[in-house]
1. Where in region 95-125 are there trypsin sites (Lys or Arg not before Pro) that are in a DSSP coil and have at most 11 other Cβ atoms within 10 angstrom of their Cβ?
2. So, counting K/R as plus one and D/E as minus one, what does the shell of residues with Cβ under 10 Å around residue 104 add up to?
3. Give the accessible area for residue 68 in Å² (nearest 10); use a 1.4 Å probe, count only protein heavy atoms, and leave out ligands, DNA and RNA.
4. So, R0 is 22 Å and r is the distance between the beta-carbons of residue 61 and residue 146; what FRET efficiency does that work out to, to 0.05?
5. Once label points are set 7 Å from the Cα along Cα→Cβ at both residue 126 and residue 167, what is their separation, rounded to one decimal in nm?
Amino acid sequence: ILPKHGIGIYGDKSVTIWGDHPHVTDRASSARSASGQDSVALHIGIITEYYYPLLGGISENVHHTAVELQRLGHRVTVITSRNPKALPEGLPAPGGVRVVRIGTRFTFQGNGAGACATRGGVGLWNELAHELRTGGYDLLQLHSPLNFTLPPLGALLGRCPRVGTFHSVFDPNLV
């Protein structure tokens, strides 16, 4: 659980928090951190092209991060695409993680490996904008924020602090 003000302890790291951010102070519930400081529980949105039932390293990273953040008292929502070959919608996610699926995933070869992106045109933009506007997020974690489609849209549409997690190395380009 992250402290309200200043420097706090998160695991074995010191973390500086912007405690006066209105999303944190208005929507978050108070708790006590391991150090005894007042702290807040956040609503964290994790935006990714890669999540179950798609198997792989990013899916595992996203899932286990979400489960651990929930264990620490945060509310977590994974925002990802629908998979046309997946199991039926509405099945419970492993670990009780809330999942919002928008657009439709497609796969292609990129950077020497299989890659995913989400299609949906203007509808995709509108669905994501609506979720981010009404979801009450305090923080967004964007997995591979320079890869199309959902993470860079989340960077553009998000109204709260955003953190990027990079999983690949790319040659220099215009981005």
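The values are calculated or read from the model by the stated rules, or taken from the named source; none is laboratory data. Treat the numbers as computed from the prediction; the structure is a model and nothing was measured. Heads up, the Cβs are rebuilt from the backbone with ideal geometry, glycines too, and the neighbour counts pull from every protein chain shown. For accessibility, only protein heavy atoms count, side chains too; no ligands or nucleic acids. Shrake-Rupley method; radii C 1.70, N 1.55, O 1.52, S 1.80 Å.
1. On the way: sites: 98, 101, 105, 119; in loops: none.
Here no loop site has a sparse enough neighbourhood.
2. Result for the neighbourhood of residue 104: +4.
3. Roughly 80 Å² of residue 68 is accessible to a 1.4 Å probe.
4. After rounding to 0.05, the efficiency reads 0.85.
5. 3.0 nm
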